[in-house]
Amino acid sequence: MRVAEHLNRSLHALMESDPSVHLLGEDVSDPYGGAFKITKGLSDRFGPRVMSTPLSEGGIVGVGAGLALAGDRAIVEIMFGDFATLAFDQLVNFAAKSTTMYGRRVDVPLIVRLPTGGRRGYGPTHSQSLQKHFIGVPGLSVYEMSPFHDAERLFGEIFASGTPAVFFEDKVLYTKPMLSGGDGLHTFELRDGWAVIRAEEDTEHVLLAPGGLTDRAVAALRDLLLEDEIACTLLVPARLHPLDVTPVADVLAAARRVHVAEDGTAGGTWGAEVARVLHERLWGRLTAPITHISAPDSIIPTAAHLEARCTVQPADIRRAINK
Amino acid sequence: MIGAVRERTLTPVSEADLSRMLRIRHFEKALLRLFEQGRLNGTTHTCLGQEHVPVAVSALLRPEDHVFSNHRGHGHFLARYDEPHALLAEITGREGALCNGVGGSQHIYHERFLSTGVQGESLPVAVGVALRHKRTGDGIVCAYVGDGTWGEGSVYEALNMAQLWGAPLLVVVEHNRIAQSTPTGAQMAGSIAGRCAGFGVRHERVESVDVNVVRGALAPLADYVRREKRPAVFEASVHRAGPHSKGDDTRTAAELAEAAAGDWYAHYTRDFPAQVAALEEIERAFIDAAVENVLARPLSEWS
């Protein structure tokens, strides 16, 4: 099953099992079912609990927060993650802050889904990976879809936490299959929010990457193993922030080289925060500083040959690890 | 252009309403006094001159209704919940504070009252809460904003959605003619009525310092919001008799005189001197005692 279909089925299951869940977004209703078809069939099935909205990203995130505050649970789809900037106030100054700024815990069960990333030729304002702008906001969780994680479980986990979350979904990942078991070379293991992808245990190299990079990271791992004879374990967290590395502490403890890859542009990144966390834990055991792989400090051009230069490719990952 | 609020004669006022207006007035005056004495941290925005609006509004609200308030929200709170000690404790960071002193003057969440410090931010949230009310009962949401708030795009996103989806949202605009230091004429093109008309949202405007007149004008609108489950905007013309915050009033002497002339307090003192004097003594003493009581408490704790 492709990731897009898995997400769609997860939303169906979630809305079926929990009548308090409401979903809002631009063009999410049938027959259109959302720009990426993730919400297909939901409005036909759940009627007024699914609302196609005006083009008002800030407004609809606010409405979602209001529903959440009043006792419902809300999922807001923003058509392109780039437009999350239009909802930054509602996310940072209202939804996230409200969990603590009233002096006691206030639950805001709100998920803002953000189709994200480049490699589709949509150009500078429809291709970005803005995760880094949401890292370190008190009261806000940052998740990213991967082909390993069950989306219904993640949505349930976010709602149960009462902490609002932005949920990034890579737009190319939508077209890829969900993964489990292994690929003949690597085994895929799930543990407490992490996917562990490896050909052998206790590898010298460990790569951490969000779910949207999976296809490129696994391609790099394959080349590294088969052509460079370097075994590297890939770790994919479902929750990027706050990052809890405890479930994969053993994998990290065995590592001598650690690498972090992400689609965001260079400077003030998620990967830098991961490196900070890991340097504290692993300093003294590593034989080199943590390697960082990201998109360059650049906008994302439209033309395919230019876009490829400004998005992370498997070769970039392989080269960085092989250095 | 909105001129001074002029009232020939006020209608007789109930003791409850006048007491509450005076209680809010003395609460606000006490805050400014505490600031001058250096006994209050941070900042505050008092509602001097506007107290009669929330007193008029609150009588039309039911316990299940939600109220969203803004930076100038002490009157909104005290008109709905007669808990000045808890509000003062919040503003001064003392034990018994509404939000343990974390939110302070402009971030209060108590029962069904919520305020935030970002202009216009509350309106889309209010639409969400109103949609829940629409689905589950006869409750409504009342959201207070100022005239300055109408510069924010979120206001229009919210009005559009509220009208499209039939959200029972009553927006109360305290139009005090000035946004911090900028006269409304220098920050708003057109009018609030015209903007509401653009969305097909019902709008009423009242220009009166008489609490009964304000309430009388609002009652049918509040009833419409509740019964028809539609949004409406109620614009009350008021004067900000005090500074935006504290000691930051740059208005001319003539402008200040006009604001003072439009203060409900002056009108009530003129028309009902004995009633005001008697109740004012009680409220002044009550607030003075509250200040003494709250400031003697231990600091608030936040875990």
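With respect to the conditions (1) within 20 Å of the chain's Cα centre (by Cα); (2) of a type outside the set (Asp, Glu); (3) more than 10 Å from every other protein chain (Cβ to nearest Cβ); (4) in a helix (DSSP H, G or I), residue A:61 lacks only one, and its number is (3).
Out of everything in segment A:2-27 that is of a type outside the set (D, E, K, R) and not in a helix (DSSP H, G or I), what residue ends up being surrounded by the fewest Cβ atoms within 10 Å (Cβ to Cβ)? Only one residue tops the list, namely A:19.
Tallying residues that are more than 11 Å from every other protein chain (Cβ to nearest Cβ) and part of a loop (DSSP other than H, G, I, E, B) within segment A:100-136 yields 18. Counting only residues that are under 20 Å from residue B:111 (Cβ atoms) and either at the interface with chain B (Cβ under 9 Å from one of its Cβ atoms) or surrounded by fewer than 19 Cβ atoms within 10 Å (Cβ to Cβ) (or both), how many does segment A:79-99 have? Result for segment A:79-99: 3. Each residue in segment B:252-280 was checked for being surrounded by fewer than 17 Cβ atoms within 10 Å (Cβ to Cβ), of a type outside the set (S, T, N, Q) and part of a loop (DSSP other than H, G, I, E, B), and 1 of them qualify. Under the condition of being facing chain B (nearest Cβ under 9 Å) and either of a type in the set (Lys, Arg) or in a helix (DSSP H, G or I) (or both), the residues counted in segment A:38-56 number 1. Within segment A:113-123, identify whether any single residue is over 22 Å from residue A:24 (Cβ atoms), surrounded by 17 or more Cβ atoms within 10 Å (Cβ to Cβ) and of a type in the set (Phe, Trp, Tyr), and answer yes or no. Yes: segment A:113-123 contains one or more residues that are over 22 Å from residue A:24 (Cβ atoms), surrounded by 17 or more Cβ atoms within 10 Å (Cβ to Cβ) and of a type in the set (Phe, Trp, Tyr).
Could you say whether any residue in segment B:107-124 is more than 27 Å from residue B:17 (Cβ to Cβ) and more than 14 Å from every other protein chain (Cβ to nearest Cβ)? Looking for residues that are more than 27 Å from residue B:17 (Cβ to Cβ) and more than 14 Å from every other protein chain (Cβ to nearest Cβ), one finds none in segment B:107-124, hence no. Quick check, is residue B:15 out of contact with any strand residue (DSSP E or B) (no Cβ under 9 Å at 6 or more places or on another chain) and buried (at least 24 other Cβ atoms within 10 Å of the Cβ)? Considered against the rule, which asks whether it is out of contact with any strand residue (DSSP E or B) (no Cβ under 9 Å at 6 or more places or on another chain) and buried (at least 24 other Cβ atoms within 10 Å of the Cβ), residue B:15 comes out as no. Of all the criteria given as (1) away from chain B (no Cβ under 13 Å); (2) among the polar types (S, T, N, Q); (3) without any contact (Cβ under 8 Å) to a residue 40 or more places away in the chain, the one not satisfied by residue A:10 is (3). Screening residue A:159 with (1) assigned to a helix (DSSP H, G or I); (2) more than 14 Å from every other protein chain (Cβ to nearest Cβ); (3) closer than 17 Å to residue A:240 by Cβ gives one miss only, at (3).
The set of residues from segment A:54-73 being under 15 Å from residue A:86 (Cα atoms) and of a type outside the set (A, V, I, L, M, F, W, C) comprises A:54, A:56, A:57, A:58, A:59, A:62, A:64.
Matching residues to (1) in a helix (DSSP H, G or I); (2) modelled with pLDDT of 95 or more; (3) more than 25 Å from residue A:130 (Cα to Cα); (4) among the polar types (S, T, N, Q):
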site: A:190; (1), (2), (3), (4): no, yes, yes, no
site: A:195; (1), (2), (3), (4): no, yes, no, no
site: A:220; (1), (2), (3), (4): yes, yes, no, no
site: A:233; (1), (2), (3), (4): no, yes, yes, yes
site: A:240; (1), (2), (3), (4): no, yes, no, no
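Exactly one residue among B:67, B:125, B:53 is closer than 19 Å to residue B:143 by Cα, within 13 Å of the chain's Cα centre (by Cα) and in a helix (DSSP H, G or I), and that residue is B:53. When we screen B:142, B:99 for residues that are modelled with pLDDT of 95 or more, in a strand (DSSP E or B) and either at the interface with another protein chain (Cβ under 9 Å from one of its Cβ atoms) or surrounded by 21 or more Cβ atoms within 10 Å (Cβ to Cβ) (or both), the only hit is B:142.
The values are calculated or read from the model by the stated rules, or taken from the named source; none is laboratory data. Predicted, not measured: the structure shown is a model, and the values here were computed from it. All Cβ positions, even for glycine, are placed from backbone atoms using ideal geometry, and neighbour counts span all protein chains on display.
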